[in-house]
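For reference, the structure is listed below as structure tokens.
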Amino acid sequence: MTTVVEFSSVSRHYGEVKAVDQVSLKIAEGEFFSMLGPSGSGKTTSLRMIAGFEQPSEGYVIIHGHDATGLPPYKRDVNTVFQDYALFPHMNVLENIAYGLMVKGVAKKERLSRAQEALDMVALGEYGLRKPAQLSGGQRQRIALARALVNRPKVLLLDEPLGALDLKLREQMQSELKTLQRQLGITFIFVTHDQTEALSMSDRVAVFNKGRIEQMGSPRDLYNKPQTAFVAEFIGSANVIKQPLVDTLGLQSGKTFALRPEYIDLNAVSEAVSGELNAKGVIRDIQYQGANTRYQVMLDSGEALNVSCANSFSAGNEGSGDVLTDGAEVNLSWRADAMVELRDVELRGENVNVDNAGA
Amino acid sequence: MHSDHSANGKASVWLKIAAWSGLIFLHFPIAIIALYAFNTEESAFSFPPPGLTTKWFAVAFGRADVLESIGLSLQVACVATVLAMTLGTMASAALYRRNFFGKESITLMLILPIALPGIITGLALLTAFKALDIHPGITTIVIGHATFCVVIVYNNVVARFRRISASLIEASMDLGADGWQTFRYIVLPNLGTAMLAGGMLAFALSFDELIVTTFTAGHEKPLPIWLLNQLTRPRDVPVTNVVAMLVMLVTTIPVFLAYLLTKGGEDVAGSGK
Amino acid sequence: MNTVAVTPGGAEVKVKRSPLGRFSDVLYRRPNLYLLLLLVPPLLWFGSVYIASLLSLLWQGFYTFDDFTMLVDHTLTLSNYAQLFDAANFDIILRTLLMALSVTLFSALLAFPVAYYMARFASGRTKAFFYIAVMLPMWTSYIVKAYAWTLLLAKEGVSSWFINLLGLDAVLQFLLSVPGIGGNTLSTSNLGRFLVFTYIWLPFMILPVQAALERLPPSLIQASADLGGTPFKTFRHVIFPLAVPGIAAGSIFTFSLTLGDYIVPQLVGPPGLFLGTMVYVQQGSIGNMPMAAAFTLVPIVLIAVYLAIVKRLGAFDAL
């Protein structure tokens, strides 16, 4: 597969602060690629270096095989959907969409017809003469998308574009974006701090932390095989098992493991134990979350583990609620292969395997 | 909108009275000027005026010195406004976002001509003109006015610059517009009304400025100086009254327009959030 | 949803460019050059016209004025600046300072209810009306406003008519008999001068106070009421402290403008020089430019001190 965007040891420093620190990555053509991380992790700065709003302090940004380092945004064939949409308030919707074509010198008739086409594509064909202020958040979001796509960029950059929308609308836009990306075959580079969003939409995700990429891979890989404690805890939730629990459980001493709460079975002490690994403890806290119930169990050895159980009728869990009350003694059990060994050294971006571009 | 209406509803009656009295205090003398412009009496200020007439308007407009002063003041105000708009807009473009060494001092320097009493600015300019052997005249008036009008334009434009979201400019460049195109199609349309408003206020300020002008005018007589000279001449009172009212009207119009241009500012250049 | 075709190409987009576009490319690549180009004209203007003038003015204060020949000679001396501390000159400074402070205080008193009403109770049209109604007198010609007061305060003028009508003659006579503020008539008394100053600079106080009150979120007042604050306590402990920066910002104008004024003291009030009139007389009728220059240092110093004080009250954030 062709690589469209490549970072080669890219760093961005602001004085002493390393916003992006030695990041290398390759993004393949047609890929839906997400940059996921907490605020200040370097994901937005990385996106802005692709767009050309920021220039790397070190390293190279390569777009479609050509070095783009130093090129201003208007000389790059990438377009951005901004977090605040950045629609021009003094222009109507059609003028907004046609703007990119206008500044490139496309004749008025052609650019307006193409703008209308793009507007139809996002199902807002009737709204061409409105001003951005007269639109709802979701509509502005679609206009911003149409304005970027009408230029037929090779790469579309999306900077937390769904952040300002409410949950229902966000979920709807997620699936629309995904469908659109599949249809157009354009590379989407999507920045978000919302792990469910990244997991549900992306072919591949890069998890950023402190200016570096901690891990890069498919959503499934990231969830099932986290390599670091940060990734394990940032994507979903995880019990990170360290010393001395590792020894108590009879595992290889000195290693660290992640264990997802839903991979642990929880039974009353009276019931038979089924798993390969076991521990005994007392329920300290119960959070009812609708689809699941989360228990915090204090082990006899002193550590706490989180356990998540699906609330399903067929399993008869609603009946066990009587037994599993706060303070109840329980048996925990899980399979040995549910435990994922973590590297305890923080990874540098350059050490991440970057050759497996594409899902 | 204000939920504390009921909490101190009684106090707000007094407050209302106090607020409206304040407003009346501000406008009463101005109303008196308007009234006296129609006074039939020639050389006294008795109240109420014995009768009303419009004949002084014709007299005032028949006076060559009045017309000359009006022409001079308009001319000065126009040139000073153009200069102030150019310099003020440049300064605000340079100062609104980036931080650099000396930025605070530059801002202070822009404000100084209106923060320091006019007599200092006026006298300073006068000594400098004398030292350079420049004869006071229309040019020196314009130089003085442009200097203290810059900050008026600067204040208006810099406020608008701050409201134009940075992502608008980035979006424009992202869509392929270079710096010039971005300025032409995005920045200027969003800035235009603020520049115009600043220009209007600068015009109004220049048109009736007296304190600095006294020092820089030499033998020229712009309208405020003409008015000041009139105060010592009892027999010209009716003409003075008419001119005073006209000056008031001439400054009122641009100030009102400036208000209209900037009042909707919040949603003109917002980021669309 | 329709499909938009993607066209392949290099990293750099090639479009034909205007000369201005190419020029802006250079500026984009060199932000410091861009900044420099923007700053040079205003800096040149202010540096050469304004700052140079100020410095030359203060430098003049070191020149010698010959009292007999009435000529300035360029021998440098400190005596002009030293003379500022003469008792007579010190009187002028004190008189002006007192006036500036009382005008500031009284303006704040008058401005507060107007600003408070505007910010917290007026909405929509009333607010717009108030805003324009304050802004217009602020921008109305200084000399016209001063002239209006000479009409108002004149003998047989508007003020005496109203005072007669309301039967306040005795009150006026009493006020005019108070030493310090009194005088023969309103137009030759300190009281009259004080009124004119307050009138002229009042709008400069209202608008910053209003802006400061406007920024105060209504939830703060609700929170105070919720926590048991009476309206008075809420005002005393929440509203007023948050309005202080606005008052301080407005006071910069009332203080500084009164301090340097030289026209109003000539038109209204008792004889006796003010700082501004002193400077004006020295340079004009006497022609003692060095002394005039030395005197300008006084308002500069007083204002610098004043700015340092109000800066601590948050005035600069409320400007």
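The values are calculated or read from the model by the stated rules, or taken from the named source; none is laboratory data. All figures in this text were calculated on a predicted structure; none of them were measured in a lab. Please note: Cβ atoms are built from the backbone with ideal geometry, for glycine as well, and neighbour counts cover all protein chains shown. Accessible surface areas use protein heavy atoms only, side chains included; no ligands, DNA or RNA. Shrake-Rupley method; radii C 1.70, N 1.55, O 1.52, S 1.80 Å.
The table below lists the values:
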read-out	value
Single unsatisfied condition, A:Ala107 versus (1) of a type in the set (Gly, Ala, Ser); (2) more than 14 Å from chain B (Cβ to nearest Cβ); (3) over 23 Å from A:Tyr74 (Cα atoms)	(3)
Any pair with Cβ under 7 angstrom, 6 or more apart, that starts in the range C:52-76 at a residue that is within 8 Å of another protein chain (Cβ to nearest Cβ) and ends at one that is at pLDDT 75 or above and open to solvent by 60 Å² or more (accessible area, probe 1.4 Å)	C:Ser56/B:Ala131
Selection within the range C:132-150 - of a type in the set (Ser, Thr, Tyr) and more than 7 Å from every other protein chain (Cβ to nearest Cβ)	none
Residue among A:Leu101, A:Leu25, A:Leu36 that alone is at pLDDT 90 or above, closer than 26 Å to A:Ala164 by Cβ and among the aliphatic types (A, V, I, L, M)	A:Leu36
Checklist (1) under 30 Å from C:Gly284 (Cα atoms); (2) open to solvent by 50 Å² or more (accessible area, probe 1.4 Å); (3) within 13 Å of chain B (Cβ to nearest Cβ); (4) without any contact (Cβ under 8 Å) to a residue 24 or more places away in the chain applied to C:Phe253, failing item	(4)
Hits in the range B:62-115 - residues which are at the interface with chain C (Cβ under 9 Å from one of its Cβ atoms), without any contact (Cβ under 8 Å) to a residue 24 or more places away in the chain and of a type in the set (A, V, I, L, M, F, W, C)	B:Met90, B:Ala94, B:Phe100, B:Ile106, B:Met109, B:Leu112, B:Ala115
Selection from the range B:157-190 of residues that are touching a residue at least 40 places away in the same chain (Cβ under 8 Å) and more than 13 Å from chain C (Cβ to nearest Cβ)	B:Arg160, B:Arg162, B:Arg163, B:Ile164, B:Ser165, B:Ala166, B:Ser167, B:Leu168, B:Asn190
Residue among A:Lys131, A:Lys178 that is touching a residue at least 12 places away in the same chain (Cβ under 8 Å) and within 12 Å of chain B (Cβ to nearest Cβ)	A:Lys131
Of the criteria (1) touching a helix residue (DSSP H, G or I) at 6+ places or on another chain (Cβ under 9 Å); (2) assigned to a loop (DSSP other than H, G, I, E, B), which one C:Gly228 fails	(1)
Any hit, the range C:35-50, residues being buried (at least 19 other Cβ atoms within 10 Å of the Cβ) and of a type in the set (Ser, Thr, Tyr)	yes
Test: residue in the range C:86-99 that is part of a helix (DSSP H, G or I) and within 11 Å of another protein chain (Cβ to nearest Cβ)	yes
Scan of the range A:117-128 for residues that are surrounded by fewer than 17 Cβ atoms within 10 Å (Cβ to Cβ) and either in contact (Cβ under 8 Å) with a residue 40 or more places away in the chain or over 15 Å from A:Ala148 (Cβ atoms) (or both), ordered by number	A:Asp120, A:Ala123, A:Gly125, A:Glu126
Whichever residue in the range C:100-131 is under 18 Å from C:Ala243 (Cα atoms) and within 15 Å of the chain's Cα centre (by Cα) and, among such residues, is nearest to the other protein chains (Cβ to nearest Cβ)	C:Ala111
Residue that is least open to solvent (accessible area, probe 1.4 Å) [pool: residues in the range C:270-310 that are within 30 Å of C:Gly246 (Cα to Cα) and either touching a His at 6+ places or on another chain (Cβ under 7 Å) or among the small types (Gly, Ala, Ser) (or both)]	C:Gly276
Qualifying residue in the range C:130-140 (condition: open to solvent by 20 Å² or more (accessible area, probe 1.4 Å), in the same structural domain as C:Thr258 (by TED's automatic domain parsing) and more than 21 Å from C:Ile252 (Cβ to Cβ))	yes
Every residue from the range A:161-172 that is surrounded by fewer than 21 Cβ atoms within 10 Å (Cβ to Cβ) and within 13 Å of another protein chain (Cβ to nearest Cβ)	A:Gly163, A:Ala164, A:Leu165
Residue match in the range C:166-186 (condition: out of contact with any Cys (no Cβ under 7 Å at 6 or more places or on another chain) and touching a residue at least 40 places away in the same chain (Cβ under 8 Å))	yes
Residue count, the range B:193-225 (criterion: open to solvent by 40 Å² or more (accessible area, probe 1.4 Å) and of a type outside the set (A, V, I, L, M, F, W, C))	5
Flag if A:Asp84 is under 21 Å from the mean Cα position of the chain (by Cα), acidic (Asp, Glu) and under 26 Å from C:Ser24 (Cβ atoms)	yes
Residue selected from the range C:27-49 under the condition at the interface with another protein chain (Cβ under 7 Å from one of its Cβ atoms) and over 27 Å from the mean Cα position of the chain (by Cα), by the criterion nearest to B:Ala84 (Cα to Cα)	C:Leu38
Breaking point among (1) at pLDDT below 90; (2) more than 10 Å from every other protein chain (Cβ to nearest Cβ), for B:Cys149	(1)
Test for A:Phe88: is it facing another protein chain (nearest Cβ under 8 Å), open to solvent by less than 10 Å² (accessible area, probe 1.4 Å) and in a loop (DSSP other than H, G, I, E, B)	yes
Residue match in the range A:242-256 (condition: part of a helix (DSSP H, G or I), open to solvent by less than 30 Å² (accessible area, probe 1.4 Å), under 22 Å from A:Glu341 (Cα atoms) and at pLDDT below 90)	yes
Odd one out for B:Asn39, checked against (1) touching a helix residue (DSSP H, G or I) at 6+ places or on another chain (Cβ under 7 Å); (2) of a type outside the set (A, V, I, L, M, F, W, C); (3) modelled with pLDDT of 85 or more	(3)
Selection count where residues are assigned to a helix (DSSP H, G or I) and either touching a His at 6+ places or on another chain (Cβ under 8 Å) or open to solvent by 50 Å² or more (accessible area, probe 1.4 Å) (or both), scope the range B:33-82	17
